[in-house]
1. Condition first: in a loop (DSSP other than H, G, I, E, B) and surrounded by 21 or more Cβ atoms within 10 Å (Cβ to Cβ). Now tell me which residues in segment 316-334 satisfy that.
2. Identify, by number, the condition in (1) in contact with an Asp or Glu (Cβ under 7 Å, 6 or more places away or on another chain); (2) surrounded by fewer than 17 Cβ atoms within 10 Å (Cβ to Cβ); (3) assigned to a helix (DSSP H, G or I) that K337 doesn't meet.
3. Hand me the list of strands (runs of 3 or more DSSP E) wholly inside segment 57-128 holding 3 or more residues that are in contact (Cβ under 8 Å) with a residue 24 or more places away in the chain, in contact with a strand residue (DSSP E or B) (Cβ under 6 Å, 6 or more places away or on another chain) and buried (at least 22 other Cβ atoms within 10 Å of the Cβ).
4. Across segment 18-56, which residue is nearest to E97 (Cα to Cα) among those that are polar (S, T, N, Q) and not in a loop (DSSP other than H, G, I, E, B)?
5. Name the pairs: first residue in segment 329-341 and not assigned by TED's automatic domain parsing to the domain that holds G122, second residue among the charged types (D, E, K, R) and in a helix (DSSP H, G or I), Cβ to Cβ under 7 Å, at least 6 apart or on different chains?
6. Within segment 93-101, can one find any residue that is within 22 Å of the chain's Cα centre (by Cα) and under 25 Å from A187 (Cβ atoms)?
7. May I ask you to list the residues in segment 157-189 that are modelled with pLDDT of 90 or more and of a type in the set (D, E)?
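The values are calculated or read from the model by the stated rules, or taken from the named source; none is laboratory data. None of the values given here were measured: they were computed from a predicted structure. Cβ placement follows ideal geometry from the backbone for every residue including glycine, while neighbour counts extend to all protein chains displayed.
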Amino acid sequence: MELKDIKAVYFVGAGGIGMSAIARYFINRGTVVAGYDKTPSDLTRQLEHEGMLIHYEENVDEIPHACKKAESCLVVYTPAVPADHKELQYFRENGFEIQKRAQVLGTLTRSHRALCVAGTHGKTTTSTMCAHIMHESAADCNAFLGGISKNYGTNYILSESEYVVIEADEFDRSFHWLTPWISVITATDPDHLDIYGTKEAYLESFSKYSSLIEPGGALIIHRGLEMKENLREGVRRYDYGLDEGDFHAENICIENGEITFDFISPIECVAGVQLGQPVPINIENGVAAMAMAQLAGCTADELRYGMQTYAGVVRRFDFKIKTDRMVFLSDYAHHPKEIYQSARSIRELYRNRRITAIFQPHLYTRTRDFYRDFADALSQLDEVVLCDIYPAREKPIEGVTSQLIYDNLGDNVSKTMIHSGDVVEYVQNHDFDVLIILGAGDIDNYVPQITKILQNR
């Protein structure tokens, strides 16, 4: 279906971060936009406010009339929705064109120079950083992001620029629909093994993705990754890292809550870069973002300004309270390497304070495959409160519970297990010095309540 033929778009799984960015694109085009999601959220309520029709009951009768015309309605779905979903079945049985989110992105961005960020972790922050640098530069950009940018209050940027910044999602091989001009690959630590089956298949998907980069473009890959890239002729290759690689940082200074460094580049080095969101892990993310923006033509001054004014992403090291008496933040980290980096960063920032994490594991398969790694990562902290597993798209697996992580936590860690629904009550009855909420499930829904409780103490 050509864009000109699309009069309505229906989203099965409307409230996902990535889905909502595309929904906003079509809302801005004046298209009828509607959809289903399992539960209301701040994001779905905002989309409704912007003009999207959303319902929360799996019911074909709730689909708007404009979205029941197969010749003019595009259906977009997320793989997280079960195959037997009644509404999805209706669209399949009635000849609708049905596309994954990434297919739509691929269609929308072929006419642009696509700056894509792929990787097991770090891609949301890196892509949002790059989008902010680009948007504040003379080049400007469009953007489809995997998180809500604090600078813009949205995961979507619309402009007349020839550039588009995209978070490239490896789940279900979705990023194979994209045609990057420049791409960063941040990490290839095995994930989504419920989909890929083996580590080798996961790495192969990244190899395939690298082959999609357009000739004349570039790959910026984190130094030391296991994957073997497969680049077309005419694609430049660079590597990056914290303190080594074609692009890296030198003269890093972390003091008084501020972080500065020099950006080392084969194109032009940039001295005195200040992080607007001073979190240690963002040094490396920033190096990747600046590398991509620099290859797209951004000047040294534009790089400095973009990094200094970058405000962060909601749920990515997202500080809610930051005082001498109490620190509270929320972080989306849900892979062991992400947990490790978050724990390491918060430990670096608050060396002499007691740090408590409330962690909700995400997926039974991920917990089964990595429970020891989760335990090792969390053992950097002083206290760990484990919630029950958020199942998302999965059914329970016998013997797989949060207990697996609990039993493998270090002897130095004070540990507790609670039900996710009891998080607010737990916070009410306990004192904290530094508290971080970790996980990609629904635990973040409690963050506003927790913030109010802690502020009123």
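1. Step one: filter segment 316-334 for residues in a loop (DSSP other than H, G, I, E, B), giving 317, 323-326, 332-334.
Listed by number, the residues that qualify are F317, Y332, A333, H334.
2. Failed condition: (2).
3. Values: elements: 73-77, 97-100, 113-118.
Qualifying strands (runs of 3 or more DSSP E): 73-77, 113-118.
4. The initial filter retains those residues of segment 18-56 that are polar (S, T, N, Q), namely 20, 28, 31, 39, 41, 44, 46.
After this cut, where a residue has to be not in a loop (DSSP other than H, G, I, E, B) as well, the list is 20, 28, 44, 46.
Values: S20: 19, N28: 21, T44: 24, Q46: 27 Å.
The extreme case among them is S20.
5. Hits for this filter: S330/D444; P336/D373.
6. Within segment 93-101, the subset within 22 Å of the chain's Cα centre (by Cα) is 99-101.
With under 25 Å from A187 (Cβ atoms) added as a condition, the list becomes 100-101.
Taking every residue of segment 93-101 in turn, at least one turns out to be within 22 Å of the chain's Cα centre (by Cα) and under 25 Å from A187 (Cβ atoms).
7. E162, E167
Here's the yes/no breakdown for (1) farther than 19 Å from S414 by Cα; (2) touching a helix residue (DSSP H, G or I) at 6+ places or on another chain (Cβ under 8 Å):
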residue	(1), (2)
L329	yes, yes
F359	no, yes
D369	yes, yes
S379	no, no
V384	no, yes
D388	no, yes
